[in-house]
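Enquirer: Structure below; questions to follow.
No value in this document is a laboratory result; all are computed from the given coordinates. Keep in mind that this is a model prediction, so the values were computed, not measured. When we count neighbours, we look across all protein chains shown, and the Cβ atoms used for this are built from the backbone with ideal geometry, even at glycine.
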Amino acid sequence: MNTPDTYTSKNKNIIIKNWQNLDEPQKQTLLKIWKVLTYKWQLQILFNLPFLLWWALDLTLVNVHDFDIKLISYLNLPDWALSMMGLS
């Protein structure tokens with residue numbers, strides 16, 4: 001069973017042991033894959049940042065929430081859609 005000491009002590013760390021057992025081409029390939037993944041995560045965070053900002057403003061400022069409700073009322077949505085959003 002793994003304990004917190006397993007992940008913190010260098011001589012018992014599974015990840016470091018496996019990394020050291022890899023050949024150089026395997027290490028390079030894994031590093032390239034990791035760079036692509038982290039780049040995509042950065043892009044995902046960047047694309048979601050405006051929505052996260054709007055969500056945070058909606059939670060903290062009452063005027064933003066009132067604007068959202070007013071905007072939804074201007075859309076003239078059908079009753080079934082409003083009930084799904086919990087507005088009727």
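Enquirer: Report, by residue number, each residue of the stretch 39-88 that is surrounded by 10 or more Cβ atoms within 10 Å (Cβ to Cβ), within 26 Å of the chain's Cα centre (by Cα) and among the polar types (S, T, N, Q).
Expert: 42, 44, 48
Enquirer: Inside the stretch 71-85, can you point out the residues that are over 19 Å from residue 51 (Cβ atoms) and part of a helix (DSSP H, G or I)?
Expert: 73, 74, 79, 80, 81, 82, 83, 84
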